[in-house]
1. What is the angle, in °, between the Cα long axis of helix 147-166 and the longest principal axis of the Cα atoms in the chain? Nearest 10 is fine, range 0 to 90.
2. Please give the helix 225-238 orientation as an angle from the longest Cα principal axis of the chain, in degrees from 0 to 90, rounded to the nearest 10.
3. When the Kirkwood radius is taken over all Cα pairs of segment 73-160, what Stokes-Einstein diffusion coefficient follows at 37 °C and 0.692 mPa s, in µm²/s?
4. Test of the criteria: in segment 1-86, which trypsin sites (Lys or Arg not before Pro) are in a DSSP loop and have at most 14 other Cβ atoms within 10 angstrom of their Cβ?
5. Provide Rg over Rh for the chain; use the alpha carbon set for both Rg and the Kirkwood Rh (inverse mean inverse pair distance).
6. Using a Förster radius of 35 Å, what is the FRET efficiency between ASP97 and SER219 based on their Cβ-Cβ separation? Nearest 0.05, please.
7. Before anything else, pin down the relative contact order of the chain: Cα pairs under 8 Å, at least 6 apart, normalised by residue count, whole percent.
8. Select from segment 135-169 those trypsin sites (Lys or Arg not before Pro) which occupy a DSSP coil region and have at most 16 other Cβ atoms within 10 Å, ordered by residue number.
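The numbers here are math on the coordinates, done by the rules we state, and not lab data. On a predicted model such as this, the values are computed, not experimentally measured, just so you know. So basically every Cβ, Gly included, is an ideal-geometry build from the backbone, and we count neighbours across all protein chains shown.
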Amino acid sequence: MSDGPARRPVALVTGSTSGLGLCLARRLEGRYRLILAGRRDRFPGPLPEGAIYVAADQADPHAASQAIETRLAEAGIDRLNLAFLNAGTGTYGDPFDEDTASVRRTLAVNLEAPLLLSHALFARLQSASGRLVLIGSVARTGSANLAAYAASKGGLDALARALGEEWRGRVAVSMIHPGPIATGMHEKAGFDPKGLRRFFASPERMAAMVERAVEAGRSRAVLGSAATLAHLIGSGMRR
Ligand SMILES: NC(=O)c1ccc[n+]([C@@H]2O[C@H](COP(=O)([O-])OP(=O)(O)OC[C@H]3O[C@@H](n4cnc5c(N)ncnc54)[C@H](OP(=O)(O)O)[C@@H]3O)[C@@H](O)[C@H]2O)c1
């Protein structure tokens, strides 16, 4: 019997165009029908077989959430087995120097959009007894020169705890806090980790760890122990 994309379980990945999200998409390819979301107009490179790409800039959380919901409805997808809300952004620097637009963008992309999307996806996740996976950060506990980013990830952690209670027995929730990952995020944020980068987990390795935590049904996980240690030491050294 054919195992074509239409017969597969369905997984959504936001922030699928680079870094961890792209690696997660590559790992799920062939086993899931993929809904890949990103802020870019197009997915970089060929789309996995049967995948749908949705351009959804989370800087406008309401519009992004609606765009994804509408695309799912158009494609006739009424069951969602996995949703990785992974898109993230941030700006590195003295909080006194961060302008309001940058603070708002970080909070919109990292916190408000996942909150709205979680609610928009709930019915489809429930229909499949599915799992919502929120990608946070070890920076959630407070990290020097990452005030808005740390606040957004701290808020995401609280969202996961709240949804875990509200959705208990209906939709599972996994809150994943990775340590530093060797992606383009640091450069985009204006931070050069210099020699510390060698301690960072590769996005491929982190994607494998995330998948293992999800498959094990973990509701919370801090991943990348050596990398997390490097992050904490690095934060301390920069203070
Ligand atoms: N890198 C780390 O050290 C680290 C550590 C802990 C947690 N994390 C978290 O891991 C997740 C993935 O980050 P990453 O390291 O893979 O960084 P990345 O390579 O920069 O990937 C981030 C993804 O989010 C997308 N994105 C950014 N702004 C967006 C917006 N306004 N609307 C929609 N999508 C947007 C990016 O799009 P583009 O491809 O267009 O840029 C990209 O696909 C994030 O939630 C991040 O906070 C990262």
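1. 40
2. 40
3. Values: Rh = 13.9 Å.
Here the translational diffusion coefficient equals 236 µm²/s.
4. ARG31, ARG40, ARG42
5. On the way: Rg = 17.1 Å, Rh = 17.9 Å.
Here Rg/Rh amounts to 0.95.
6. E(calc), rounded to 0.05, equals 0.40.
7. Values: 448 pairs, mean separation 44.0, N = 239.
Reported as a whole number, the value is 18 percent.
8. On the way: sites: ARG140, LYS153, ARG161, ARG168; in loops: ARG168.
Passing both the DSSP loop test and the Cβ count: ARG168.
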